[in-house]
Amino acid sequence: MNKIEISSIASEKEIQNRQKLLELMQKTPLPQNELVSNAALFLKRQELQKLLFFNDIYQKILDVHGVIVEFGTRWGQNLVTLSNLRGIYEPYNYNRKIIGFDTFEGFKNVSAFDGHDEKTKDGAFSVSNGYEEYLKELMAAHENESPLNHIKKHEIIKGDASLELKKYLEQNPQTMVAFAYFDFDIYKPTRDCLEMLLTHVTKGSIIGFDELNDPKFPGETIALNEILSLRNVAVKRSRFSGMQSYLIVE
Ligand SMILES: C[S@@+](CC[C@H](N)C(=O)[O-])C[C@H]1O[C@@H](n2cnc3c(N)ncnc32)[C@H](O)[C@@H]1O
């Protein structure tokens, strides 16, 4: 039986309970053809709150023109959520492309600003080999559940985002970003991408963060402070959790 990945703030009881949920998932009596439509059986409160956070943010960007970008997609669950929210709220907005950046090989360019946790090192949070190809198929399959699916509205970009975003913006100088979500956890790519984004957001664009004020990953806050200065921005917290936050560009 696989051990599940546990965040370091989980209690022993929570760890055991998550192990139990994993066991229940692995020995599910559901028939294969009912698995996908019953996936919420295994959706815990902690994952549901993230869906609610994105639902909240999505409604705030409905009148903001531009694309959605996630920095640090990993397995891609946020990209899928955002794609499905697009299908619900604005199925005919073919301009609302969703773009995900990740090395798909884990952290890249961990620096002295990223704290002392022994797990914070290059290569942490890597995914299975070739996962990006699976994610592209998954995104296409979800997009197919919504109208205008003959227009591809997602892009998965593999590599060091500090370099890849630069390339993307050079090739796509028209890019306007309505919502950017930072989930690299670490300083260097967050700082680089935040800086590049500044000339591609408009008043009303939203920039979201997964690790601000997080003692385990100080680099994200340091990057924001250096690029925008904490004193000059109003950072709102997610009403659904203790971690996600966002600011609205003024
Ligand atoms: C915490 S994970 C993201 C989790 C994901 N957003 C989710 O909610 O499941 C951080 C991700 O940032 C990526 N990452 C870190 N440094 C990077 C870099 N320089 N360029 C691109 N991706 C990077 C890692 O590969 C990893 O997948």
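The values are calculated or read from the model by the stated rules, or taken from the named source; none is laboratory data. Bear in mind the structure is a predicted one, so any value in this text is a computation, not a measurement. Backbone-built Cβ (ideal geometry, glycine too); neighbour counts: all protein chains shown. Side chains included, ligands, DNA and RNA excluded: accessible areas come from the protein's heavy atoms. Shrake-Rupley method; radii C 1.70, N 1.55, O 1.52, S 1.80 Å.
Assorted remarks:
- FRET efficiency estimate (nearest 0.05) - Cβ-Cβ, Leu21 to Asn149, R0 35 angstrom: 0.60
- For Arg231 and Gln171, the difference between the fully extended length at 0.36 nm per residue and the C-alpha to C-alpha distance is 18.2 nm.
- Inter-centroid distance (Cα atoms) of segment 215-236 relative to segment 129-148, Å: 33
- J(HN,Hα) series, segment 231-244, from Karplus relation 6.51 cos²θ - 1.76 cosθ + 1.60, nearest Hz, glycine and proline x: 5, 9, 10, 9, 9, 9, 9, 5, 6, 9, 8, x, 10, 5
- For Lys236, neighbours were defined as the other residues whose beta-carbon sits under 12 Å from its Cβ, and their charges (Lys and Arg +1, Asp and Glu -1) total +2.
- Here is how the number arises for the chain: DSSP H runs of 4 or more residues each give -39500 (n - 2.57), the sum is divided by the residue count, and the result at 222 nm is -11500 deg cm²/dmol.
- Residues whose amide H lies under 5 Å from that of Ile156, counting only those 5 or more places away or on a different chain, are Gly100; hydrogens are built 1.01 Å from N in the peptide plane.
- Anisotropy class of segment 117-197 from Cα gyration tensor, a/c 1.5 cut: oblate
- For segment 44-248, relative contact order (Cα pairs under 8 Å, six or more residues apart, normalised by length) works out to 24 percent.
- Using a probe of 1.4 Å on the protein chains alone, the accessible area found for Val177 is around 0 Å².
- In terms of distances greater than 25 angstrom between alpha carbons, the cross-link table entries Lys13/Lys188; Lys60/Lys97; Lys97/Lys119 yield Lys13/Lys188; Lys97/Lys119.
- Largest to smallest in accessible area, the residues His65, His142 fall in the order His65, His142 (1.4 Å probe, all protein chains included).
- Free of any trypsin sites (Lys or Arg not before Pro) that DSSP assigns to a loop and that have at most 14 other C-beta atoms within 10 Å, the longest stretch within the chain is 153-238.
- For segment 56-181, the per residue solvent-accessible surface stands at 50 Å², with DNA, RNA and ligands left out and a 1.4 Å probe.
- Contour minus Cα-Cα distance for Phe42 and Thr202 (0.36 nm per residue): 53.8 nm
- Using 0.36 nm per residue and subtracting the Cα-Cα separation, the extra length available between Glu250 and Asp117 on full extension is 44.4 nm.
- Contact order, relative form, for segment 1-110: 23 percent (alpha carbon pairs under 8 Å, 6 or more residues apart, mean separation divided by residue count).
- Accessible-area composition of the chain, carbon plus sulfur, in percent [1.4 Å probe]: 53
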